[in-house]
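The block underneath contains the structure these notes are about, expressed in structure tokens.
Taken together, the values in this text are just the output of simple stated rules run on the coordinates, not laboratory data. In this text the structure is predicted, and so the values were computed from the model without any measurement. Here the Cβ positions follow ideal geometry from the backbone for every residue, glycine too, while neighbour counts run over all protein chains shown.
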Amino acid sequence: MPKYFVDKADISADTIIIRDDNYNHIKNVFRLTVGEQITVNDKLGNDYQCVISSVEQNIITATIFKTYVATTEPVTNVVLFQSLIKGDKMEYVIQKAVELGAAKVVPIVTTRCVVKLEDDKKTRAKVDRWNKISEAASKQSGRGTVIEVLAPMKYTQALELAKNELEVNLIPYEKQVGSGIKSVLQSISARNIGIFIGPEGGFEDKEVELAHSYGLTSVTLGKRILKSETASIAVLASLMYQMDEMQ
């Protein structure tokens, strides 16, 4: 059953108003019509099973027949702190992070980032696009809410955020000896976890040292050097598996 995200303001006691991209997707892509069922989410973790009751110009009205808390959200709260990377790789990471169950994606600016977002207007446009990609991935993967992608922040700001809001924070580092990802994950019982991923050139040594001063644990992902986008997916998938979020 297709799933769509709408603002809470468009949901009343027994009806939901559907507009814009969702309208186009329902009417012109899936070609659904009156009497067919859809699932709508209020972006706050609640699902509504509905029947389409009318299709008008630019607006679809659906009648609610069942409401329940979405069951697809992981118990483990994982925040991905992803260093900015080139081209569509950042978009790919966001999409896959949402599919795998990340609760939030925080783009970070580190020393070796090739991508520079210095213009406020361009940055806002980029963040808007990232959030549209996140919403599409949330819809496709059946998430219980739309996963937020924050505006890029400085590395030190991200470290401060992680220290204050999360219980355990990991930073994969190619020079790390011992502390393999498997053994580290097996030792974690916390459910609020941050993952810091470096850019194309990796983290500088001093950045990892700074991370340690904020309480982060550096881990190795094995003998091979992974690309930034590969490392993000590998760590997220390993973490979700270890936390029994793939049952």
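Details
- The alpha carbon radius of gyration of the chain, expressed as a multiple of 2.2 N^0.38 Å, is 1.12.
- Rounded to whole Hz, the Karplus (6.51, -1.76, 1.60) HN-Hα couplings of region 94-99, x for glycine and proline: 4, 4, 6, 4, 5, 4
- Sequence-distant contacts, meaning Cα pairs under 8 Å at least 6 residues apart, place the relative contact order of region 3-69 at 35 percent.
- Distance from the C-alpha centroid of region 192-212 to that of region 48-64: 47 Å, rounded to the whole angstrom.
- Placing pseudo-labels 7 Å out from each Cα toward the beta carbon at residue 66 and residue 46 gives an inter-label distance of 1.7 nm.
- Percentage relative contact order, the chain, counting C-alpha pairs under 8 Å, at least six apart: 20
- Tilt relative to the chain, helix 120-141 - C-alpha long axis, 0 to 90 degrees, to 10: 70
- With Cα atoms, 0 to 90° folded angle of helix 155-165 axis to the chain main axis: 70
- Under 5 Å from the amide H of residue 85 lie the amide H atoms of 90, each residue being 5 or more positions distant or on a separate chain, with H modelled from the backbone and absent for Pro and chain starts.
- Separation between Cα centres of region 71-116 and region 8-29, rounded to whole Å: 28
- Expected 222 nm ellipticity per residue - DSSP helices of 4 or more, -39500 (n - 2.57), all of the chain, to 500: -10000 deg cm²/dmol
- Pair-distance distribution P(r) for region 95-188, from all Cα-Cα distances in 10 Å bins starting at 0: 13, 34, 39, 12, 1 percent.
- Gain upon complete extension [residue 204, residue 24; 0.36 nm per residue less C-alpha separation]: 60.2 nm
- FRET E, pair residue 234, residue 120, Förster distance 30 Å, beta-carbon r, rounded to 0.05: 0.35
- Shown in residue order for region 39-49 are the 3J(HN,Hα) couplings computed by the Karplus curve 6.51 cos²θ - 1.76 cosθ + 1.60 at θ = phi - 60°: 10, 10, 10, 8, 6, 10, x, 10, 9, 10, 8 Hz (x for Gly and Pro).
- FRET efficiency for the pair residue 245 and residue 9, taken as 1/(1 + (r/R0)^6) with r the Cβ-Cβ distance and R0 = 25 Å, rounds to 0.20.
- Treating r as the C-beta distance of residue 186 and residue 132 and R0 as 35 Å, the FRET efficiency rounds to 0.45.
- Value in Å of the Kirkwood radius, where region 3-69 supplies the Cα pairs that are averaged: 11.5
- Coupling constants for region 14-20 follow from the phi torsions by the Karplus curve (6.51 cos²θ - 1.76 cosθ + 1.60, θ = phi - 60°), and in residue order they are 9, 9, 10, 9, 10, 9, 6 Hz; glycine and proline get x.
- Rounded to 10°, Cα long-axis angle of helix 228-242 versus longest principal axis of the chain: 80
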